[in-house]
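Have a look at the structure below before the remarks.
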Amino acid sequence: MGVPTIVTATSPELWGPTIPELTQALPGSSIINRTTVNAFDEPRFAKAVEASGRKKLIIAGVSIEVCLAFPAIHATAAGYDAYAVIDASGTFSETKRVTGLLRMVQAGVIVTDYATVAVEMLKDNASPKAGDLYAALDMPWAGLVGQLAGAFSSTK
């Protein structure tokens, strides 16, 4: 969708390298290695967010209750619209997931899922990006819906 992406890794020597699938999906993106728990406490990250000029941030993290919640809550308090993408984030227990979600909701973070935020960015199904977007969302039924719509419109 052409949005700027900022990738961080928290203490990779302690927690391990960035997920290979992420680095493959974002070729050419540099990774900001940091030791801070909240990404916004790393000056290079905060500067990169500010330099993007965006007021709406889409955030995901390895753990919902820390890696996602801390920067999303911080961003909301700083005046950004923070979209916390729950199904692009993980956690280690149901309790952590629920408490992280509750804490973000209480702080005014916008809780969402990856498909919804992508379709919201698309705005119009007539966009030339629509086909590629829906294909990338792994929604095989979307192709069927389009075929049915085309078939029904041609019978009128």
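The values are calculated or read from the model by the stated rules, or taken from the named source; none is laboratory data. Because the structure is predicted, anything quoted here is derived from the model rather than measured. A quick note on method: Cβ atoms are made from the backbone with ideal geometry, for glycine too, and the neighbour counts reach across all protein chains shown. Note: accessible area is taken over every heavy atom of the protein model, side chains too, but ligands, DNA and RNA are not part of it. Shrake-Rupley method; radii C 1.70, N 1.55, O 1.52, S 1.80 Å.
Here are a few things to note about the model shown:
- THR36 being open to solvent by less than 70 Å² (accessible area, probe 1.4 Å) and assigned to a loop (DSSP other than H, G, I, E, B): yes
- Comparison of ASP138, ASP132 shows that the only residue that is under 22 Å from the mean Cα position of the chain (by Cα), open to solvent by 40 Å² or more (accessible area, probe 1.4 Å) and at pLDDT below 85 is ASP138.
- For THR76: the one exception among (1) open to solvent by 50 Å² or more (accessible area, probe 1.4 Å); (2) over 20 Å from LEU22 (Cα atoms): (1)
- Flag if LEU57 is in a helix (DSSP H, G or I), modelled with pLDDT of 95 or more and out of contact with any Cys (no Cβ under 8 Å at 6 or more places or on another chain): no
- Checking each residue in the range 46-63 for being surrounded by 13 or more Cβ atoms within 10 Å (Cβ to Cβ) and without any contact (Cβ under 8 Å) to a residue 24 or more places away in the chain picks out only ALA46.
- Unmet requirement for ILE6, which otherwise passes all of (1) open to solvent by 50 Å² or more (accessible area, probe 1.4 Å); (2) farther than 18 Å from SER63 by Cα; (3) under 16 Å from the mean Cα position of the chain (by Cα): (2)
- Here ASP81 does not qualify as acidic (Asp, Glu), at pLDDT below 95 and farther than 25 Å from TRP15 by Cβ.
- Scanning the range 79-129 for residues that are assigned to a loop (DSSP other than H, G, I, E, B) and open to solvent by 40 Å² or more (accessible area, probe 1.4 Å) turns up GLY79, THR91, PHE92, SER93, GLY108, ASP113, LYS123, ASP124, ASN125, ALA126, PRO128, LYS129.
- Matching option when the condition is part of a helix (DSSP H, G or I), more than 17 Å from ARG103 (Cβ to Cβ) and either polar (S, T, N, Q) or touching a helix residue (DSSP H, G or I) at 6+ places or on another chain (Cβ under 6 Å) (or both), among ALA69, ALA46: ALA46
- Complete set of residues in the range 115-138 that are in contact (Cβ under 8 Å) with a residue 24 or more places away in the chain and under 16 Å from ASP81 (Cα atoms): VAL117, ALA118, MET121
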